[in-house]
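These notes are about the structure you will find just below.
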Amino acid sequence: MLKLISSSRIHRLNPAAVPMLRPAAESASPLLRVLSSLSGLSRNHRYLGGRLFFCSDSSDGVDHVVDAEVKAAEDTTSKASAIVSTYPRPEDYLTVLALPLQHRPLFPGFYMPIFVKDPKVLAALQESRERQAPYAGAFLLKDEPDTDPNVVSSSDTEKNVYDIKGKELFNRLHEVGTLAQISSIQGDQVILIGHRRLRITEMVSEDPLTVKVDHLKDKSYNKEDEIIKATSFEVISTLRDVLKTSSLWRDHVQTYSKHIGDFTYARLADFGAAISGANKLQCQQVLEELDVYKRLKLTLELVKKEMEISKIQESIAKAIEEKISDEQRRYLLNEQLKAIKKELGLETDDKTALTGKFRERIEPKREKCPPHVLQVIDEELTKLQLLEASSSEFSVTRNYLDWLTALPWGEYSDENFDVTGAQKILDEDHYGLTDVKERILEFIAVGKLRGTSQGKIICLSGPPGVGKTSIGRSIARALNRKFFRFSVGGLADVAEIKGHRRTYIGAMPGKMVQCLKNVGTANPLVLIDEIDKLGRGHAGDPASALLELLDPEQNANFLDHYLDVPIDLSKVLFVCTANVVEMIPNPLLDRMEVVAIAGYITDEKMHIARDYLEKTTREACGIKPEQVEVTDAALLALIESYCREAGVRNLQKHIEKIYRKIALQLVRQGETIDAALETGPNTTPKENPVLIESSDSEHMDEDPIDVDELQTNPPADESTDIEVAKEREEDKEIEKVLVDKSNLDNYVGKPVFHAERIYDQTPTGVVMGLAWTAMGGSTLYIETTFVEEGDGKGALHVTGQLGDVMKESAQIAHTVARSILHEKEPENAFFANSKLHLHVPAGATPKDGPSAGCTMTTSLLSLALKKPVKKDLAMTGEVTLTGKILPIGGVKEKTIAARRSDVKTIIFPSANRRDFDELAPNVKEGLDVHFVEDYLQIFDLAFGDEKSHNTEN
């Protein structure tokens with residue numbers, strides 16, 4: 001839009017000077033009077049309003065329409081803004097200074113301020129003004145090539161325009177411009193007043209740019225022409241409509257109201273184009289057009305567009321105003337309604353309503369709620385009434401009261417003290433796990449005898465997949481307690497446990513307070529998962545923060561940072577889970593009662609798979625029991641060759657994989673039979689290999705449909721077709737998919753595990769040991785071989801990625817073996833003169849721990865004596881230099897690993913006899929276990945009975 005200079009005065013015309021004006025227009029602006037006088041060109045035309053303002057006292061050779069008194073009044077009242085007559089006349093200037101206009105062209109009769117950055121140009125303009133020749137040429141600048149004139153240029157581009165000079169500037173100027181009078185110069189701002197049209201003919205000088213021009217005059221026209229009159233009246237009518245709707249246009253018109261000059265059709269066209277919002281190229285077309293009628297038509301197009309834009313603007317403004325007014329009306333009505341209800345006592349204000357809600361919430365718990373909590377709640381309610389609803393402290397107090405009143409103060413769920421019922425529930429959810437179930441039943445029994453139960457901290461430790469998390473849910477169901485679980489794996493912020501201070505933005509209580517609010521009782525079962533994976537960050541040590549939560553002596557007065565009032569957690573039963581107990585900090589571990597879950601043996605996995613996993617998976621896949629049969633042999637092969645880990649999570653994944661493939665097979669089979677039924681009896685369905693349920697035809701319940709017989713004996717009528725279709729539907733329903741050991745690899749792929757036993761009979765120098773891992777127990781071999789012999793070359797080389805403890809165990813075993821060999825065969829100098837190599841496969845697995853000394857010693861002695869150890873023998877235990885056997889850990893895991901490898905004889909330290917006796921009978925079944933205190937007992941068991949070395953017991 002044009003940069004406009006508003007005037008401080010609006011001229012009023014004498015009504016007597018213009019007798020044709022109506023009385024209603026006496027107080028109107030000068031432009032309205034001018035438009036009224038213009039409408040007098042046609043006697044039969046009604047007055048069309050609008051305001052147009054011009055500023056020129058140069059004549060283009062056409063008759064004036066405005067009364068002479070109008071010009072006289074303007075000359076006397078606005079000397080400061082009128083154009084001063086100069087000599088020589090404007091048309092005498094044929095060489096002018098060229099000024100580029102960047103945004104819009106300057107029309108004759110209009111002001112325009114421009115900024116001149118070039119000091120030479122500014123000096124030349126000042127000099128021209130002082131020489132009483134204050135005229136220059138204003139020409140619109142062309143856009144750069146390949147640019148869109150509708151896109152607003154950046155400030156960088158605007159700065160670059162001032163750098164264009166000389167011939168480049170001359171080539172960028174439009175030929176047609178305006179002769180402009182230099183009205184004033186203030187700093188680098190120059191006020192130009194347009195007079196008449198110019199056309200550039202040639203360049204005179206480059207710096208500053210001076211050009212020769214020709215003065216252009218409008219083409220002659222007949223002012224009585226009806227078409228021109230009609231066009232001009234339409235322009236005036238449109239301008240009047242735009243002025244009614246657009247306040248921006250009214251401001252533009254008022255800007256020019258003090259400069260009324262010769263009012264003609266040509267000036268009307270210039271006025272409409274000058275104050276329109278059209279782009280600069282459209283305005284330049286109006287400026288270049290010398291035919292008055294064509295110029296009026298171009299201006300009419302521009303003001304019509306402005307009219308459409310004004311209508312759109314008015315509709316948008318109206319829609320927004322209606323929306324705002326509706327919202328304000330609704331707001332006022334709501335406020336009035338609240339005031340009326342408050343006067344009638346039907347409703348209270350927000351603060352009173354909040355206070356009533358909190359009092360209503362705490363009232364049922366008031367008798368059971370601790371006194372110190374009631375005191376804090378009452379104080380906060382009083383404080384809430386004194387605070388403004390718009391203050392930040394109001395929302396803090398409201399949230400604080402919300403948490404305080406929502407907690408279950410003194411509310412406990414009715415516990416189940418029925419031991420038999422709890423035993424039934426635990427057995428429904430889990431198979432085995434006798435230790436865990438007994439501990440829960442003990443807890444119930446103590447609660448029944450005391451009449452109340454106290455919270456405890458039970459830690460379930462064991463490898464992944466043994467059901468630690470699901471056991472916690474079953475315990476909650478057995479005790480009839482609410483269940484809440486949260487994982488602390490990777491937790492590094494103390495505020496997650498102890499809560500944030502209320503002064504912080506977004507503060508919240510800790511997990512325990514959130515737990516109590518969610519469950520609604522003060523004696524839930526809380527499962528703290530992955531407690532061995534606690535993190536430690538810049539926000540403190542969560543393991544230390546858990547001490548107050550889990551300590552039975554402290555959690556009766558647990559203090560959350562957000563609530564800042566003691567909470568009784570002594571009735572909460574905490575169940576923690578961990579994979580490795582050694583990763584739990586000792587102060588935290590000291591407050592727990594650890595229940596180890598070693599894992600499941602093959603028999604237990606068979607029961608779990610058959611009674612729990614298979615049933616759940618079959619229902620999840622939408623398969624009926626009569627559609628699938630998975631044999632015991634297949635499950636056994638799946639457990640031993642694919643899922644040998646301690647837990648059953650991987651076993652569940654494989655069973656789900658089997659049933660997914662069976663589901664796909666059944667769907668394909670059903671679609672094939674449906675397609676065969678749709679083709680009719682006279683067409684032969686394609687043979688589909690999916691119809692064959694297994695490689696053993698003897699497992700088929702019924703014979704498949706004989707398609708050849710149907711082809712040779714086609715049915716005679718439609719009833720026969722229905723019977724055949726029914727028979728096929730029956731066949732379709734009773735077909736069963738059989739999964740056996742022979743086709744198991746079609747569902748789960750090739751076996752992952754092979755037999756851990758590398759040797760049926762261990763050769764000389766090789767002994768089977770038992771090891772504990774985080775995934776359960778496993779067997780491993782310790783191998784020793786002879787390298788070279790020579791006097792005094794006795795040495796031992798150890799490999800197998802062993803840790804420092806096992807390396808020291810190898811050195812101790814070497815010393816003990818030399819001592820025993822010297823005792824048994826004094827003449828045998830094998831260790832003194834032999835370089836030996838001891839290896840523990842697999843070499844890629846790191847190994848460490850104090851339980852391999854006995855096995856290493858036996859391996860060295862087997863090589864020295866050239867005797868293999870007894871068949872199906874495995875041992876574990878650490879040996880001292882004097883031959884004493886030290887106890888080890890992981891008895892259950894190692895026993896399970898021995899059973900998995902079909903080991904019949906196991907050697908344990910005597911100190912582990914009690915651990916073995918506590919094992920379930922099905923774990924100990926079929927094992928010959930020996931407990932030893934001295935290595936000589938192992939020597940007798942391993943090498944004593946030579947006849948039994950190669951015999952199976």
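The values are calculated or read from the model by the stated rules, or taken from the named source; none is laboratory data. It should be emphasised that the depicted structure is a prediction, and the values quoted were computed from it without experimental measurement. Using ideal geometry, Cβ is built from the backbone for each residue, glycine included, and neighbour counts are taken over all protein chains shown. In case anyone asks, the SASA skips ligands and DNA or RNA and just uses the protein heavy atoms, side chains included. Shrake-Rupley method; radii C 1.70, N 1.55, O 1.52, S 1.80 Å.
Averaged over every viewing direction, what's the projected area of the C-alpha convex hull for the range 373-412? Give it in nm², one decimal, please.
2.7
When averaged across all projection directions, what area in nm² does the alpha-carbon convex hull of the range 387-496 cover?
With every direction weighted equally, the projected area is 10.4 nm².
Quick one: which residues, 5 or more positions from L569 or on another chain, have an amide H under 5 Å from its amide H? H modelled 1.01 Å from N in the peptide plane, none for Pro or chain starts.
The answer is A556, N557, F558.
When the Cα atoms of the range 786-932 are enclosed in a convex hull and the volume is divided per residue, what value in Å³ results?
113
Set the Förster distance to 30 Å, then compute FRET efficiency between E548 and K383 from the Cβ-Cβ distance, nearest 0.05.
Here the calculated transfer efficiency is 0.60.
Filter K338/K383; K835/K884; K482/K511; K793/K866; K456/K924; K167/K280 down to the pairs with a C-alpha to C-alpha distance above 21 Å, please.
Pairs exceeding the cut-off: K338/K383; K835/K884; K456/K924; K167/K280.
Report the dimensions of the range 869-941 along its three principal axes from the alpha-carbon atoms, largest first, rounded to Å.
The Cα atoms of the range 869-941 stretch 36, 26, 14 Å along their principal axes.
Determine, from the Cβ-Cβ distance of T452 and A920 and an R0 of 35 Å, the FRET efficiency 1/(1 + (r/R0)^6), rounded to the nearest 0.05.
The computed FRET efficiency comes out at 0.60.
Considering only protein heavy atoms, what is the solvent-accessible area of M112 at a probe of 1.4 Å, reported in Å² to the nearest 10?
The accessible area of M112 comes to roughly 20 Å².
Report the extension gain between K120 and E321 in nm, rounded to one decimal, defined as 0.36 nm multiplied by the number of residues separating them, less their alpha carbon distance.
Contour length minus the Cα-Cα distance gives 67.1 nm.
Please identify every one of the chymotrypsin sites (Phe, Trp or Tyr not before Pro) in the range 414-521 that sits in a loop by DSSP and has no more than 13 other beta carbons within 10 Å of its own beta carbon.
Sites meeting the loop and neighbour criteria: Y504.
Can you compute the radius of gyration and Dmax for the range 436-559, using only the Cα atoms, both in Å?
15.6, 48
State, to one decimal in nm, how far the label point of L333 lies from the label point of D429, with both points 7 Å from Cα in the Cβ direction.
In this crude spin-label approximation the distance works out to 5.5 nm.
In bins 10 Å wide, starting from 0, what share of all Cα pairs of the range 606-647 does each bin hold, as a percent?
25, 55, 20, 0
Rounded to whole Å and sorted largest first, list the principal axis extents of the Cα atoms in the range 556-664.
Extents along the principal axes, in whole Å: 60, 30, 19.
Within the P(r) computed for the range 519-564, what percentage of the Cα pairs occupies the region above 17 Å?
Summing the P(r) of the range 519-564 above 17 Å gives 48 percent of all pairs.
Taking a temperature of 10 °C and a viscosity of 1.306 mPa s, what whole-number D in µm²/s does Stokes-Einstein yield for the range 483-627 with Rh from Kirkwood over alpha carbon pairs?
Using the Kirkwood radius from Cα pairs, D works out to 91 µm²/s.
Report the extension gain between D188 and N743 in nm, rounded to one decimal, defined as 0.36 nm multiplied by the number of residues separating them, less their alpha carbon distance.
190.3 nm
Working from the pairwise distances between different alpha carbons, so that the mean of 1/r is found and then inverted, what is the range 558-608's Kirkwood radius in Å?
One decimal place: 14.6 Å for the Kirkwood radius.
Measuring from label point to label point, each 7 Å out along Cα→Cβ, what is the T616 to K304 span in nm?
7.8
Ignoring everything but the protein chains, give the 1.4 Å probe accessible area of H822 in square angstrom, nearest 10.
Counting only protein heavy atoms, the figure is 120 Å².
Using the Cβ atoms and a cut-off under 11 Å, what net charge is assigned to the surroundings of Y431, where Lys and Arg are +1 and Asp and Glu are -1?
Charge balance in the 11 Å sphere: -3.
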